[in-house]
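To start, the structure itself, in structure tokens.
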């Protein structure tokens with residue numbers, strides 16, 4: 001009974017299997033209808049048959065299994081043959097034919113089209129992802145090669161030990177026809193659109209991945225360091241936080257070996273090796289990109305081919321090109337233009353003839369006298385120097401009858417010509433590309449330094465006793481005096497005065513004198529009503545790209561009369577309230593000990609007596625601190641003064657600003673208080689809204705006396721005439737042993753790029769400079785010249801640039817001389833220590849290490865105008881020496897290896913620009 005059931009099941013399975021087998025065979029012979037019809041009818045007849053013998057069962061089973069095995073073998077063999085043929089192609093694929101005068105630049109999307117009549121071995125199919133299977137120019141030679149991977153794979157280079165097969169002769173079309181199946185789809189050789197790949201033919205070398213890729217700001221792959229080469233409206237940033245991968249399967253290289261190879265990375269990142277030691281005169285050369293070093297200029301690398309049969313018509317080999325020579329010439333032209341820009345700067349920038357560390361102890365004794373009594377005037381004999389203003393520039397002569405200019409300065413026409421020359425250079429395409437690559441190289445070099453040495457730097461900081469970030473000097477290199485306090489401090493001060501001195505007459509308004517109490521009554525306010533929100537001095541969203549609204553935040557409670565009473569020094573009470581408030585701020589600064597500041601006070605240029613009024617305010621209110629120095633800021637408000645009738649030409653402003661300075665320098669007895677005050681002044685600043693549209697100056701501009709227009713002169717026009725008069729003044733003051741005044745303007749916060757070009761030629765340091773992100777050439781020039789940038793990311797976040805887009809971290813990584821500053825604590829910051837708040841926000845947002853913060857603080861001391869004695873006390877006795885010799889970790893808490901890295905990198909860049917012939921100074925420029 002059981003046997004019958006089993007036999008019946010087997011018969012049913014046998015019938016179904018036969019039907020499937022016949023149907024499969026019928027479909028296999030689909031091209032022969034007669035066979036198909038017979039098989040189908042046979043299968044149906046067999047299914048109708050009720051008698052099944054064991055012989056039929058065995059034969060059908062054997063036949064079906066054989067057919068399935070043969071089919072599987074055919075499919076498997078086809079797949080294996082396809083893979084093997086692909087590997088053979090990747091191993092032996094030659095390039096296209098090129099004409100002798102064509103330059104081979106690698107395959108780009110669009111190089112191959114349907115109408116191209118050039119010869120190819122094969123075309124890749126669509127399934128390759130458009131990558132073409134590899135990386136660049138394939139040359140037939142008797143040596144191993146590295147294989148580029150698909151464009152969709154990570155940027156990793158692999159060695160080729162897995163393919164040890166040697167090619168004994170060039171591959172021809174005939175030989176490939178025997179190896180490649182006719183059924184394979186064509187091989188496509190073009191690249192994806194927009195991608196440019198460089199070959200790395202040596203198998204033992206690591207392939208360097210792309211240094212960055214374009215991401216949108218919302219991309220999850222983006223990093224805190226956003227791109228800085230794009231304008232505000234670009235919407236895309238260069239992701240620089242992505243780690244470049246370096247792999248080598250054949251050699252286990254140490255980090256030091258990689259670091260030493262990266263240090264000599266060329267301007268063009270493609271690298272080639274000489275893969276043949278015995279070159280034949282009949283060999284044809286393939287030009288590759290150059291590998292240049294900083295000291296020795298450019299070195300050429302080339303490929304040769306052995307056993308190359310020039311007479312073989314089937315041999316596929318690229319024609320020789322002259323790319324190396326053209327690249328060498330282009331690179332040299334770029335470096336020449338960079339050298340021209342640096343030489344132009346040296347022609348303008350004021351340099352002290354006698355640096356303070358080479359002078360006697362006379363300067364130190366004079367400084368000690370100032371500390372003992374900073375307000376004491378010591379009579380000084382006048383000199384016989386004579387000066388007069390000519391075409392907007394003061395000229396100094398030895399005597400009144402002398403006609404020889406003692407301190408000649410470049411003319412306005414010369415300056416505007418040189419500035420236009422720099423603007424022309426920074427617009428050249430190859431210069432922009434070269435500088436961009438050098439900047440990215442510097443950035444990646446610093447990242448590699450951190451990967452190798454971050455732990456060592458941290459251990460070195462641990463070994464420095466007593467020092468940490470809080471116990472090193474940090475200079476607030478850019479802060480406005482009228483906003484130097486925080487809003488809570490100002491609120492407490494106003495309430496205190498309203499409670500203690502309500503009957504003090506403080507203002508003359510609307511034809512009558514008003515007491516402090518009456519002023520608040522006219523505003524319908526009491527001391528109890530006041531709070532921080534009502535004070536309304538903090539910048540908010542409404543001030544973004546609205547400089548006018550930002551300036552209105554200087555008015556407490558939105559009232560200009562309160563600003564005049566509490567934040568002005570030329571008012572009815574002669575600035576007494578502002579003096580007391582300033583002394584409280586200086587007291588807090590002294591209590592912090594390690595925080596120092598450079599405050600900016602205003603001279604408007606409306607009248608010459610402004611200098612004496614400002615100096616008397618300092619002396620009468622005893623404004624002095626060893627932790628503070630002062631800069632003079634000149635607002636660029638000519639158009640307003642002209643519309644008010646205060647001035648008739650731009651020459652009036654120059655006279656009002658500079659004539660008193662020359663008078664007090666020649667004869668200190670003429671302005672004794674001004675002479676004392678100038679001992680604390682270290683710089684001149686130009687301030688106002690840079691985003692205002694202006695006319696770019698031409699090479700031949702009207703003189704200041706001829707400038708009677710109603711509109712404001714351009715930024716560079718202001719900058720030149722301030723520079724020219726300061727240059728002459730500093731030469732005169734230096735000859736008399738008096739401290740000099742540096743030009744340190746607001747520059748590059750907004751507006752046109754020519755502001756930064758003028759700043760590069762004329763200035764020692766600048767404030768802001770965020771627009772350098774739009775010009776890689778100027779950014780590279782600022783790096784080479786090590787021009788100080790006093791950057792204020794929180795202030796920029798309220799006015800012109802969101803915090804996450806600020807270029808400060810990129811500038812810092814690339815080695816620019818950057819420092820952090822507060823700008824306007826009253827409008828921007830919330831804590832009692834605004835400078836520490838600025839450092840803290842930057843450290844958290846951009847993940848700055850303790851070593852980074854200490855290096856930034858060290859930069860701030862170098863940028864500042866404090867005396868030589870103060871800097872020697874804060875940084876070490878040899879602070880003026882470049883490199884690690886000038887660093888004392890016991891003072892700065894900056895590891896020696898960090899300073900050595902910065903100095904070595906800068907030295908190599910300078911030698912690269914000057915082709916190994918740069919004469920670098922051994923001392924810093926302060």
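Would you point out the residue of region 457-487, among those that are under 26 Å from the mean Cα position of the chain (by Cα) and part of a helix (DSSP H, G or I), that is farthest from residue 901 (Cα to Cα)?
Across region 457-487, the extreme among qualifying residues is 469.
Please enumerate the residues belonging to region 642-654 that are in a helix (DSSP H, G or I) and over 39 Å from the mean Cα position of the chain (by Cα).
Scanning region 642-654 gives 642, 643, 644, 652.
Filter region 788-804 for residues that are in a loop (DSSP other than H, G, I, E, B) and either touching a residue at least 12 places away in the same chain (Cβ under 8 Å) or in contact with a strand residue (DSSP E or B) (Cβ under 6 Å, 6 or more places away or on another chain) (or both) and give the result.
Across region 788-804, the qualifying residues are 792, 800, 801.
Can you tell me which residue within region 805-823, out of those that are in contact with a strand residue (DSSP E or B) (Cβ under 8 Å, 6 or more places away or on another chain) and outside any loop (DSSP other than H, G, I, E, B), is modelled with the lowest pLDDT?
Only one residue fits best here, namely 823.
Going by the structure shown, is residue 840 part of a helix (DSSP H, G or I), closer than 22 Å to residue 864 by Cα and without any contact (Cβ under 8 Å) to a residue 24 or more places away in the chain?
When the stated conditions are applied, residue 840 passes them.
What's the number of the condition residue 726 fails, among (1) closer than 22 Å to residue 609 by Cα; (2) modelled with pLDDT of 95 or more; (3) in contact with a helix residue (DSSP H, G or I) (Cβ under 6 Å, 6 or more places away or on another chain)?
Just one mismatch for residue 726, condition (3).
Does residue 457 fit the bill of being under 26 Å from residue 767 (Cα atoms), out of contact with any strand residue (DSSP E or B) (no Cβ under 7 Å at 6 or more places or on another chain) and assigned by TED's automatic domain parsing to the domain that holds residue 671?
Here the answer is no, as residue 457 does not meet what is asked.
Identify all residues within region 845-904 that are assigned to a helix (DSSP H, G or I), within 25 Å of the chain's Cα centre (by Cα), surrounded by fewer than 18 Cβ atoms within 10 Å (Cβ to Cβ) and without any contact (Cβ under 8 Å) to a residue 40 or more places away in the chain; write none if there are none.
Within region 845-904, 900, 904 meet the criteria.
Exactly one of (1) in a loop (DSSP other than H, G, I, E, B); (2) closer than 30 Å to residue 661 by Cβ; (3) in contact with a strand residue (DSSP E or B) (Cβ under 9 Å, 6 or more places away or on another chain) is unmet by residue 782. Its number?
So residue 782 meets the others, but not (1).
Please go through region 584-641 and pick out each residue that is assigned to a helix (DSSP H, G or I), under 19 Å from residue 873 (Cα atoms) and touching a residue at least 40 places away in the same chain (Cβ under 8 Å).
592
Just one of 493, 416, 436 is within 26 Å of the chain's Cα centre (by Cα) and assigned to a helix (DSSP H, G or I); which is it?
The unique qualifying residue is 436.
Quick one: count up the residues across region 383-400 that are free of Cβ contacts under 8 Å to residues at least 24 places away in the same chain, out of contact with any strand residue (DSSP E or B) (no Cβ under 8 Å at 6 or more places or on another chain) and part of a loop (DSSP other than H, G, I, E, B).
Adding up the residues that qualify gives 1.
Looking at the structure I just gave you, is residue 629 within 29 Å of residue 707 (Cα to Cα) and either crowded, with 19+ Cβ neighbours inside 10 Å or not assigned by TED's automatic domain parsing to the domain that holds residue 575 (or both)?
Considered against the rule, which asks whether it is within 29 Å of residue 707 (Cα to Cα) and either crowded, with 19+ Cβ neighbours inside 10 Å or not assigned by TED's automatic domain parsing to the domain that holds residue 575 (or both), residue 629 comes out as no.
Looking only at residues in region 497-545 that are without any contact (Cβ under 8 Å) to a residue 24 or more places away in the chain and surrounded by 14 or more Cβ atoms within 10 Å (Cβ to Cβ), which one is nearest to residue 556 (Cα to Cα)?
Here the answer is 536.
Kindly indicate which of 702, 693 is assigned by TED's automatic domain parsing to the domain that holds residue 393, under 30 Å from the mean Cα position of the chain (by Cα) and part of a loop (DSSP other than H, G, I, E, B).
Within the list 702, 693, the selection yields 693.
Only residues that are crowded, with 17+ Cβ neighbours inside 10 Å and in contact with a helix residue (DSSP H, G or I) (Cβ under 6 Å, 6 or more places away or on another chain): list them for region 562-577, please.
562, 566, 567, 569, 571, 575, 577
Out of contact with any strand residue (DSSP E or B) (no Cβ under 7 Å at 6 or more places or on another chain), under 30 Å from residue 875 (Cβ atoms) and assigned by TED's automatic domain parsing to the domain that holds residue 508 - does that describe any residue in region 571-582?
yes
The values are calculated or read from the model by the stated rules, or taken from the named source; none is laboratory data. Treat the numbers as computed from the prediction; the structure is a model and nothing was measured. Quick reminder, even Gly has a Cβ in these numbers, built from the backbone with ideal geometry, and neighbours come from all protein chains shown.
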